[in-house]
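The structure appears right after this line, and notes come after that.
The values are calculated or read from the model by the stated rules, or taken from the named source; none is laboratory data. Fair warning: this is a prediction, and the values are worked out from it, not measured in the lab. Every residue, glycine as well, gets a Cβ built from its backbone with ideal geometry; the counts of neighbours run over all protein chains shown. Note: accessible area is taken over every heavy atom of the protein model, side chains too, but ligands, DNA and RNA are not part of it. Shrake-Rupley method; radii C 1.70, N 1.55, O 1.52, S 1.80 Å.
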Amino acid sequence: MDIDRLFNRGKELGIEDMEVYVVEKSSTKFKIYKGELENQNISKEKALSLRGVYNGKMGYSYTEKLTEDSIDELISNLIQYAQCNEREYVERLSGHVKIERKDRANRLNQYDDEKKISFLKSIEKMAYSMDERVYLVQTCNYEEYENTVYIKNTKGLELKDSYGAAIISLFVVAKDNDDTQTGYSHRVIDDLLEEDKTALVDEAVKDAVNMLGASSIPSGNYKVILRNNVAADLFGTMVPVFLANMVQENMSLMKGKIGEQVGSDLLNIVEDPFLKRGIINRMFDDEGTPTFTKHIIKNGILKTILHNNKTAEKEGIKSTGNGFRTSHKSTIGVMPTNIYIEMGNNTLEEMIRSIDTGVLVTDIQGLHAGINTVSGEISLSSNGYYIEDGKITKPVNQITIAGNFYDMIKRIEALGDDIGFSISGNYYFVSPSMIIDRLTVSGN
């Protein structure tokens, strides 16, 4: 499709400033089951979204058919959208900006599909060989994607960027007589490395096998270690409290807290669009605003929330480069790229040794039902291990941990030197393990 022709046609019909957003997506997925390639899926798609101002209102339209005969339909749909748009705010389009390119080599490109499939097969084989109680490798998947974003508008903006990642995941079932337990692990990878394979298998198999014979514990208030994957899941679910649209709509208790102490002085939360092994690595957002690395919380103090142009204008500040779409069909909202909590210097073993009586939580379920992102209340079914006199003494299941997120982040006593990650909806969060000095545990 000729973009300039699209713009000229739009102007003829009374549309003022216009902008196209073109996204190309490609993905490759492999699934191994009992030594065989059970599923292989390769997909490619390309779509275009158009936005522009008509009679003082912003209109949107989109198409997956990027041909010349789609131009009139795109413009007609934009006009109809604008005529029905009752919002008072009119999004502004960005003018020309200079973006400093950052080279991001994808080392996975050096491998053909056969190498990736072979690597995945070796993961499944290692999982079965690690312990005879591994009854079934239920999931052994590889997913790789690459996205390219192109933005051009009538105010001189023209930008292009590509990003991608690969994720391997493993879900195993362990069995001992009538007792069955499961273990899950996943990794973002940028190469086919033995160390990633070993870590992935080790975590999934040990979680499954070590949970055999698990039982509940007495209810009470306990010192709790949230293992890195659990902390990442929990914080990842709470990401909306740091988004300006949620704050401005009174959906976050972070409102009015910029510059205030909201967490332990150990807590540093960073949003980083250039994170190594990130999954949303972008040089600019979907409004053409340059992205940059920033502290959301530093030493427990709330430094910023994340903004797009609209939310930033409401507060008389600049966008933080977080104006993103969830898809080409959506309008522009506020979204993070990659968020992480800075690591501490404690090993998980050292953290365990520091606790007289407590719980190491290695798995939580029911995140979206068990967490209220507005109030911060948390109540999650959990599994893990009981800690007595600085040692793990038994596996624990059928417990529920409860507390309040806003209170919990003030009670962080130590941070680990390890990391785990979570992809919760559209959010990618990386966290070390952490000690919370007190959470309520409901058991027997």
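Computed quantities for the displayed model
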{"item": "Heavy atoms of Lys29: accessible area, 1.4 Å probe, square angstrom to 10", "result": "80 Å²"}
{"item": "Exposure rank, largest accessible area first [Tyr33, Tyr150, Tyr135; 1.4 Å]", "result": "Tyr135, Tyr33, Tyr150"}
{"item": "Anisotropy class of segment 222-265 from Cα gyration tensor, a/c 1.5 cut", "result": "oblate"}
{"item": "Chain lengthening between Leu212 and Asp191 when straightened (0.36 nm per residue, less Cα-Cα)", "result": "4.2 nm"}
{"item": "The chain, helix-only ellipticity at 222 nm - DSSP H runs n ≥ 4, -39,500 (n - 2.57), divided by all residues, nearest 500", "result": "-6000 deg cm²/dmol"}
{"item": "Nearest-10 value in Å² for the accessible area of Asp72, using the 1.4 Å probe", "result": "90 Å²"}
{"item": "Accessible area per residue, Å², segment 217-293 with all protein chains present, probe 1.4 Å", "result": "32 Å²"}
{"item": "Solvent-accessible ranking of Glu144, Glu114, largest area first, probe 1.4 Å", "result": "Glu114, Glu144"}
{"item": "Heavy-atom SASA rank of Phe429, Phe274 (probe 1.4 Å, accessible area, largest first)", "result": "Phe274, Phe429"}
{"item": "Extension reserve of the His368-Lys46 stretch, reckoned as 0.36 nm per residue once the Cα distance is removed", "result": "112.8 nm"}
{"item": "Heavy-atom accessible surface of the chain: percent carbon and sulfur, 1.4 Å", "result": "45 percent"}
{"item": "Compactness of the chain, expressed as Rg and Dmax over alpha-carbon positions, Å", "result": "24.2, 77"}
{"item": "Rounded to the nearest 20 debye, dipole of segment 11-104 from Cβ charges on Lys, Arg, Asp, Glu", "result": "620 debye"}
{"item": "Pairs from Lys29/Lys115; Lys125/Lys276; Lys152/Lys329; Lys46/Lys115; Lys11/Lys155 whose Cα-Cα separation, in the structure shown, is over 19 Å", "result": "Lys125/Lys276; Lys46/Lys115"}
{"item": "For segment 296-355: rounded, prolate or oblate by the Cα gyration tensor [a/c cutoff 1.5]", "result": "oblate"}
{"item": "Positive-end residue of Gly358, Gly316, Thr373, charge dipole of segment 245-386 with Cβ unit charges", "result": "Gly316"}
{"item": "Cα→Cβ-extended label distance, 7 Å offset, between Lys98 and Thr67, nm", "result": "4.2 nm"}
{"item": "FRET efficiency estimate (nearest 0.05) - Cβ-Cβ, Thr357 to Ile317, R0 45 angstrom", "result": "0.45"}
{"item": "Whether segment 338-406 is rounded, prolate or oblate, judged on the alpha carbon gyration tensor where a/c under 1.5 counts as rounded", "result": "oblate"}
{"item": "Total charge dipole magnitude, segment 262-408, about the Cα centre, Cβ charges on Lys, Arg, Asp, Glu only, Debye to nearest 20", "result": "560 debye"}
{"item": "Accessible area of Val188 in the full protein assembly, 1.4 Å probe (Å², nearest 10)", "result": "10 Å²"}
{"item": "Net dipole in debye of the chain [+1 Lys, Arg Cβ; -1 Asp, Glu Cβ; about Cα centre; nearest 20]", "result": "720 debye"}
{"item": "Whole-number accessible area per residue in Å² for segment 133-213, which is evaluated in the context of all protein chains at 1.4 Å", "result": "40 Å²"}
{"item": "Segment Thr393-Lys257, extension gain: residue separation times 0.36 nm, minus the distance between their alpha carbons", "result": "44.8 nm"}
{"item": "Estimated inter-spin distance, Glu249 and Glu349, nm [label 7 Å along Cα→Cβ]", "result": "4.8 nm"}
{"item": "Projected label distance in nm at Glu114 and Glu38, using a 7 Å step from Cα toward the beta-carbon", "result": "2.5 nm"}
{"item": "Kyte-Doolittle mean at least -0.5, axial Cα span of 18 Å or more - DSSP H helices of the chain", "result": "71-84, 113-130"}
